[in-house]
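Each value in this text was obtained by applying a stated rule to the coordinates, not by laboratory testing. It should be emphasised that the depicted structure is a prediction, and the values quoted were computed from it without experimental measurement. Here the Cβ is made from the backbone with ideal geometry for all residues, glycine too, and neighbour counts use every protein chain on show.
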Amino acid sequence: MSDVAANGSLRAPLTLAADATRAAAASYVEHRLANGLRVLLHEDHSTPMVTINVLYHVGSKNEQRGRTGFAHLFEHLMFDGSRNVLRGGYDLHCTSVGGDNNAFTNLDITDYYISLPSEQLALGLWLESDRMAEFAIQEISLETQKNVVLEEKRQTSDDAPYGDVTQVMAELAFDERHPYSWDTIGRAEDIVAATMDDVRAFYERFYVPSNATLVIGGDFDVDEAMRLIAGYFGPIPAGAAIERPRREASLHHYGQRRRIESAIVPFDAVFLAYHSPALDDPDFHALELLVTILADGESSRFYRALEYEQEIASETECFVEEGELGSLLYVYAIGQTAEITPEQLQASLMAEIAKVADEGITERELMKAKNRKMTSVVSALQSVSTRTERLAWYSAIFDDPALAFHEADLYEPVTVDDVRRVARRWLTAEPNVVEYVAVRDHQ
């Protein structure tokens, strides 16, 4: 049965399920240590596991031109030894008790998590505090991880079909003085040139308690957890205040175009990028629903027009690379045959965008998009580890951890007029364009 009733409203069972899930999950307590470390504790005794999430409010936007890729490089370095843990010891301690760990970096943050059996909470907190307490990176670790990052860059960007699009688009969309004008993974020459003095300065500036949020979720006792946190993290110096980059719309570029001829792409393709609202802009959630309407599933507008009706694209997509200083909305299409040109694909994509701006969307499309968002949010709330990540994210970026459990509510007020308005506001400017041309098809 469809989630959308005949009148276009959300069906009650889905809404009630979402409310019940949020109510069951939305319990946490918050503390702040004297050194500025923000602590969120979320109990869930459904399984005998705990997840510790440590988010540092530092991403690639905090780097400098000529010193790019440091935030992502540190994501690797932080697993390669600390004050009391030898190289390789972090993973050994974690896996030897049946735990798991990982991390990710983006424009604005670097996020680490470790999941362990409940009785190993003290171990996890000790491991995380030890790598926050003191710079202990060795030269061998730096050289090893530089090579690891360079190999990752080759595999995911340089040698992957269309893999360098975000790097190229960042260069086109932003003035070189803008902190979003380079890709998160950084420039190869900057990674190679990184010295111990460089990485030490980066660590001492950003990897400090006053720039971090610590979240524990799962099966633990709050009072005992706070005792451990105070003991392990309390003595660490707060660190100096950090000056955040500011939004500067004057450094945005529009209508830039680059042609990339490549032997590794299967067919010609076109990627468009539109400057779009920052994470805290009131338009952001309406834009996300528009993205769903344009490109999510076989009933989406791009799929129906380019893949099904016109039969010119083998793949269409739309997504937002979100950021505190502003976002980029990406739209792309890959040709279905060697005869399809980037110009054809771009014309069809922009025609579909223009239809939304000129004619708007239907209530049914909007309700389907809201259903998809609600399903995604409710599904994420089922996982304790995902809840800890969301609590850290909303705490650091929005200063409102409660949004971790009420994100779906942000989409509910959006109307069809809102979606049409954001399409007009953000998607009628001239996009920045990267066209990929498969050289073997054009020789």
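So here's what we get for this one:
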read-out: Calculated [θ] (222 nm, deg cm²/dmol) that DSSP helices of n ≥ 4 give over the chain, each run adding -39,500 (n - 2.57); value: -12000 deg cm²/dmol
read-out: For residue 327, residues with placed amide H under 5 Å, excluding near neighbours; value: 276, 278
read-out: Rounded to 5, the percent of DSSP beta bridges in region 26-233 classed as antiparallel; value: 80 percent
read-out: Cα long-axis angle, helix 416-426 against the chain (0 to 90 degrees, to the nearest 10); value: 90 degrees
read-out: Length-normalised contact order of the chain in % [C-alpha pairs under 8 Å, at least 6 apart]; value: 22 percent
read-out: Residue-wise HN-Hα coupling along region 397-408, computed from phi with Karplus coefficients 6.51, -1.76, 1.60 (Hz; x: Gly, Pro); value: 8, 10, 6, 8, x, 4, 4, 4, 9, 10, 4, 4
read-out: Folded to 0 to 90 degrees: helix 284-295 orientation relative to the chain principal axis, Cα; value: 50 degrees
read-out: Among 266, 237, 413, residue whose mean-square fluctuation peaks in a GNM of the chain (springs only between Cα atoms under 10 Å); value: 413
read-out: Extension reserve of the residue 424-residue 281 stretch, reckoned as 0.36 nm per residue once the Cα distance is removed; value: 49.9 nm
read-out: Förster-model FRET efficiency, 41 Å R0, residue 221 and residue 135, C-beta, rounded to 0.05; value: 0.80
read-out: Radius 13 Å from Cβ of residue 32, net charge of other residues (Lys, Arg +1; Asp, Glu -1); value: -1
read-out: Proximal charge balance of residue 253 [Cβ under 13 Å; K/R count +1, D/E count -1]; value: -2
read-out: Ranked packing of 390-399, 184-193, 152-161, most packed first, by mean Cβ within 10 Å; value: 390-399, 184-193, 152-161
read-out: DSSP-defined beta bridges in the chain - what % are antiparallel, rounded to 5; value: 80 percent
read-out: Label selected from (1) -0.78, -0.89, -1.28; (2) -0.39, -0.65, -1.38; (3) -0.35, -0.58, -1.32, the criterion being log10 I(q)/I(0) by the Debye sum over Cα atoms at q = 0.07, 0.09, 0.14 Å⁻¹ as computed here; value: (2)
read-out: Computed lengthening from residue 118 to residue 298, 0.36 nm per intervening residue step minus Cα-Cα distance; value: 60.5 nm
